[in-house]
Amino acid sequence: MAQAVEVQTGAAGHGHDDAHDAHGGHGHSGTGIENRKLMMWLFLASDCMFFGSLIATYMIYRNRAVEIGVGPFPHELIDIPFTSVSAAVLLMSSLTMVLSLGSLQKGNIRNSRIWLAATAILGTTFLGGQFFEFTEFHHEGLTLQGNIFGSTFFTLTGFHGVHVGLGVLWLVSLLFVSLRGGLKQENAMTLEIAGLYWHFVDIVWIVIFTLVYLLPYASAEGEGGEHASRVHDLAHAVMRFF
Amino acid sequence: MASVAQPGLSAPTVSGAHTGTKKRSGLLDWITTVDHKKIGIMYGVTAIFFLMVGGLEALLIRTQLITSGNGLINEKTYNELFTMHGTTMIFLAVMPLTVAFWNYIMPLQIGARDVAMPRLNAFSYWLFVMAGLTLNISWFVGHAPNQGWYAYAPLTDLAWNPTRAVDFWIVGLTISGISSMLGAFNFIVTILNMRAPGMTLMRMPVFTWTTLITSILLIMAFPAITVAIIFLMFDRWLGTNFYAVAAGGDPLLWQHLFWIFGHPEVYIMILPVFGIVSEIVPTFSRKPLFGYSIMVYATCAIAFLGFGVWAHHMFTTGMGPTANAVFGATTMTIAIPTGVKIFNWLGTIALGQVRFTTPMMFTIGMISMFTIGGISGVMHATVPIDSHHNDSYFLIAHFHYVLFGGSMFGLIAGLYYWFPKITGRMMDEKLGKINFWMTFVGFNATFFPMHFLGLEGMPRRYYTYGEGAGWNFWNAIVTFGAYILGAAMLLLLFNVGQSLKSGKRVGANPWDAPTLEWATTSPPPEYNFAEQPIVASRDPLWAEKYGHGDDIPAHIESPEIVLGPNAGDDVHLPNPSFWPLVGASGMFMMGLGFLFENITIFWLGPLAISALSIVGLITLMWGIFGWAFEPTGVEGLH
């Protein structure tokens, strides 16, 4: 093979070639972020728009059921203590996810598996809580068809649940890969990417929990003539923001 | 200043491409391919097929309108025709044609071996095919979508539209959206991570820039329509109330969500064409693009502003003067970066040594016709004028000047320009010039009189009109123009076929163009570049050939590039894969299952889950898992 004709001047020298490259050593210019990880960030950006549209719709419609007068209404159904617990469970799963990745990066495969399993279990617990909540609400008359609160509530929280469900499926698949020896310190990136997704889904839940659960609770309290709680202030700050 | 590392410039022997890889034969090779060039060709061929389908639909529409009170097509079929014409042209013709060029040309332009995730790329293609099939199967069950490509809310209500027509549209567009988004993720990662050494962002060809920016638009805009379609799907299949007025829902929610997607979509269709034009203009003006940096910034500005103008599609919905004024103003600001682009092209052509080849003629056609469409666009940013033109043929004239006069002219220019690179043969120039003039005349005869018809009050979407309206003359001209345009498209196909067989064979760089795709053979070997090119300037091939002087002489053939028999042996190629096709068929079956729920497994409310959907879901999961655990042949590829 002939030699490459390569005339470089000073200007060419500062390209970000080399170093971070993982594709056969050709020395591409790039961001230094691994392809799959960059792709996950892009997907999350896109998913922000997805949840953004769902949440915006929920917020636009959130008083419509009351205006039309077709119940059940949010403040009659929402059980803050119960959902707080399941929210805490989901947030804890982010902690265990970090611990799992940290262990893998340090080469402690056993701990990584344990924390990975814990993450999947916590995620499943959250889903169980959501299933219980949906069943409860359904018993109290809230349906997809019955009123607009039902339509928006089940659609928004349901799509979040689907995200958690796919995440659990992913974590379990990774656990199997790990048990067969496929997850090692060198390819911790595989786990890190799943982690990115998992944390994102948790963050979305924080937004949903605030807007869907805390907000009507705070509003109802305000109507009762009680002095405003901290939650109330927070809720109003969020409302002003939107 | 510097240059490109060429594959074996001094090697004596002629092309021995495709060495070292085990070849599958024929059909199997195509359906399992993960090569961006083959996928690009498949995108192009499929999109041209759908272009012909959409064109046929347009000709039927025009034949119906050739005279007043025509009874050729009834109102039901007419509604189906204009809906499917719009949907087909946007999602199955123009967008995939741009994706065809992204696939084939962009990785070559940045000196990459392939896109970042070759199998995902194949998956995007197969999903696009499945979306096209789903949408068009509706013709054969007798209920093609009939609500317009914009699918405004009350028109899609189950009460007014009880057949499966809208559901075909829902499923088809969902699949098409997933396809587009996956493709866009792939292109962004490819451009950001896989550029040749030395190719900094501000040395990327403008076509690559527009690919990047358009892909970002795609991933940010498509979620909005996905959500809108999910609401529509739930309203129709599950009985939810998102667009149901009686329950407190709001049909305008659809319009907002749809246009938050729909306006960026307009730029998704035109920005890649701006990129193509920005490649062709410098090549045939024999000088580097005037105002490269400004061109890049203008592209970014258009994309950014494009998200802040959606409600100008809704001036007549009663949003109130404040919203109307704000959206009118933001819309007008978009004319600034767009105007900048047009002046940059003119600045490149001015003082250049212009060669009037077919691609250049289509490009000049694009610049001038797009400008007409752009000007009528700015007119509509003025609310009172928009209220007057709303839903009239003036609007049809406007968006065909930007979509056909802009996008299609540019895409045809791109086809003539890159055809020698893709096939190793020139398109026939003589036929090409006839092709251009027929297209140009046919296009203007078709769409210019629509301005008059619109101003005279002819509404869009009506399947007929009365004799007393006085619209007969211009409608006859328009229809006649449409036939010329149709013939021009057939001539284009003929030229492609003829040139494939007997076009003049060419070397690596027949146009003496400056960008990297012309540094490898025509057609490029499967591995693209035997050795990694290294880039040190914006116009690497010119810099190498003509030094860095300001004067670039015209009419000098670029040196032939020859490859040794063992060239590319050390380039690792990813294995072909069935999984993308398996996954895409799974999604197709799943979608069809929702449309034909004959064998119902269980019911979720009124939503029937059919056996076909279950089989489809299982196939999809099988495809994804098979894919995840399949060895790629190259580390780091997916």
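The values are calculated or read from the model by the stated rules, or taken from the named source; none is laboratory data. These numbers come from a predicted model, not from an experiment. No Cβ is skipped: glycine too gets one built from the backbone with ideal geometry, and neighbour counts run over all protein chains shown.
Contact map, segment A:72-85: first residue over 16 Å from A:Leu211 (Cβ atoms), second residue modelled with pLDDT of 90 or more and loosely packed, with under 15 Cβ neighbours inside 10 Å, Cβ cut-off under 7 Å, separation 6 or more or different chains; pairs are A:Pro72/A:Glu140; A:Pro72/A:Gly141. Please go through segment B:497-517 and pick out each residue that is in a helix (DSSP H, G or I) and buried (at least 18 other Cβ atoms within 10 Å of the Cβ). B:Ser499, B:Leu516, B:Glu517 - these are the residues of segment B:497-517 that are in a helix (DSSP H, G or I) and buried (at least 18 other Cβ atoms within 10 Å of the Cβ). So if I check each of B:Leu563, B:Leu516, which one is within 14 Å of another protein chain (Cβ to nearest Cβ) and at pLDDT 90 or above? Answer to the check: B:Leu516.
Of the numbered criteria (1) under 30 Å from B:Phe187 (Cα atoms); (2) surrounded by fewer than 20 Cβ atoms within 10 Å (Cβ to Cβ); (3) modelled with pLDDT of 90 or more; (4) small (Gly, Ala, Ser), the one A:Ser84 fails is (1).
Considering segment A:117-142, the residues that are farther than 16 Å from A:Phe82 by Cα and of a type in the set (A, V, I, L, M) include one that is surrounded by the fewest Cβ atoms within 10 Å (Cβ to Cβ), namely A:Ile121. The residue list B:Pro282, B:Pro272 contains one member that is in contact with a Leu (Cβ under 6 Å, 6 or more places away or on another chain) and at pLDDT 95 or above, which is B:Pro282. If you check B:Gly239 against the conditions, is it in a loop (DSSP other than H, G, I, E, B), farther than 18 Å from A:Tyr58 by Cβ and either touching a residue at least 24 places away in the same chain (Cβ under 8 Å) or within 7 Å of another protein chain (Cβ to nearest Cβ) (or both)? The answer is yes for B:Gly239. Considering only residues that are surrounded by fewer than 22 Cβ atoms within 10 Å (Cβ to Cβ) and part of a helix (DSSP H, G or I), look in segment B:200-215 and name the one that is farthest from the other protein chains (Cβ to nearest Cβ). Of everything passing the filter in segment B:200-215, B:Met202 is farthest from the other protein chains (Cβ to nearest Cβ). Of all residues in segment A:186-232, those being touching a Gly at 6+ places or on another chain (Cβ under 7 Å), at pLDDT below 95 and of a type outside the set (Gly, Ala, Ser) number 1.
Applying the condition of being under 21 Å from B:Trp418 (Cβ atoms) and more than 26 Å from the chain's Cα centre (by Cα) to segment B:531-546 and asking which residue is farthest from the other protein chains (Cβ to nearest Cβ) yields B:Trp542.
So that you can scan it fast, the table gives a plain yes or no per residue for (1) under 30 Å from B:Leu415 (Cβ atoms); (2) crowded, with 21+ Cβ neighbours inside 10 Å:
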position	(1), (2)
B:Ile280	yes, yes
B:Phe284	yes, yes
B:Leu289	yes, yes
B:Ser293	yes, no
B:Ile302	yes, yes
B:Thr316	no, no
B:Asn324	no, yes
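For segment A:27-59, the candidate set comprises residues that are within 7 Å of chain B (Cβ to nearest Cβ) and among the β-branched types (Val, Ile, Thr); within that set, the residue that is surrounded by the fewest Cβ atoms within 10 Å (Cβ to Cβ) is A:Thr31.
This table checks each residue for (1) part of a helix (DSSP H, G or I); (2) touching a Gly at 6+ places or on another chain (Cβ under 9 Å); (3) within 11 Å of another protein chain (Cβ to nearest Cβ).
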{"position": "A:Gly146", "(1), (2), (3)": "no, yes, yes"}
{"position": "A:Thr157", "(1), (2), (3)": "yes, no, no"}
{"position": "A:Gly161", "(1), (2), (3)": "yes, no, no"}
{"position": "A:Val164", "(1), (2), (3)": "yes, yes, no"}
{"position": "A:Val168", "(1), (2), (3)": "yes, yes, no"}
{"position": "A:Val172", "(1), (2), (3)": "yes, no, no"}
{"position": "A:Phe176", "(1), (2), (3)": "yes, yes, yes"}
{"position": "A:Lys184", "(1), (2), (3)": "no, yes, no"}
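Only one entry of A:Asn108, A:Asn147 meets the criterion of being polar (S, T, N, Q) and within 26 Å of A:Met189 (Cα to Cα), and that entry is A:Asn108. For segment B:127-173, filtering for residues that are part of a loop (DSSP other than H, G, I, E, B), among the aliphatic types (A, V, I, L, M) and touching a residue at least 12 places away in the same chain (Cβ under 8 Å) leaves 4. Only one of the numbered conditions (1) within 11 Å of chain A (Cβ to nearest Cβ); (2) over 17 Å from B:Phe207 (Cα atoms) is violated by B:Pro525, and that is (1).
Each row is one residue, and each column tells you yes or no for (1) part of a helix (DSSP H, G or I); (2) over 30 Å from B:Phe529 (Cβ atoms).
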| site | (1), (2) |
| --- | --- |
| B:Leu72 | no, yes |
| B:Glu80 | yes, yes |
| B:His85 | yes, yes |
| B:Phe91 | yes, yes |
| B:Val99 | yes, no |
| B:Trp102 | yes, no |
| B:Val115 | no, no |
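Of all the residues in segment B:175-224, those that are polar (S, T, N, Q), under 21 Å from B:Phe307 (Cα atoms) and in contact with a Ser or Thr (Cβ under 8 Å, 6 or more places away or on another chain) number 3. In this structure, B:Leu411 qualifies as under 22 Å from the mean Cα position of the chain (by Cα), closer than 19 Å to B:Phe274 by Cα and in contact (Cβ under 8 Å) with a residue 40 or more places away in the chain. Of the residues screened, B:Pro154 is one that is touching a Phe, Trp or Tyr at 6+ places or on another chain (Cβ under 7 Å) and at negative phi. Taking segment A:65-81 as the range and being within 7 Å of chain B (Cβ to nearest Cβ) and buried (at least 19 other Cβ atoms within 10 Å of the Cβ) as the test, only A:Ala65 passes. On the basis of being in contact (Cβ under 8 Å) with a residue 60 or more places away in the chain and under 23 Å from B:Gly86 (Cα atoms), does B:Thr423 make the cut? It is false that B:Thr423 is in contact (Cβ under 8 Å) with a residue 60 or more places away in the chain and under 23 Å from B:Gly86 (Cα atoms).
Checked against (1) assigned to a helix (DSSP H, G or I); (2) surrounded by fewer than 24 Cβ atoms within 10 Å (Cβ to Cβ); (3) of a type in the set (Lys, Arg), B:Lys421 passes all but condition (2). Scanning segment B:337-360 for residues that are of a type outside the set (A, V, I, L, M, F, W, C) and more than 22 Å from B:Phe440 (Cβ to Cβ) returns B:Pro337, B:Gly339, B:Asn344, B:Gly347, B:Gln353.
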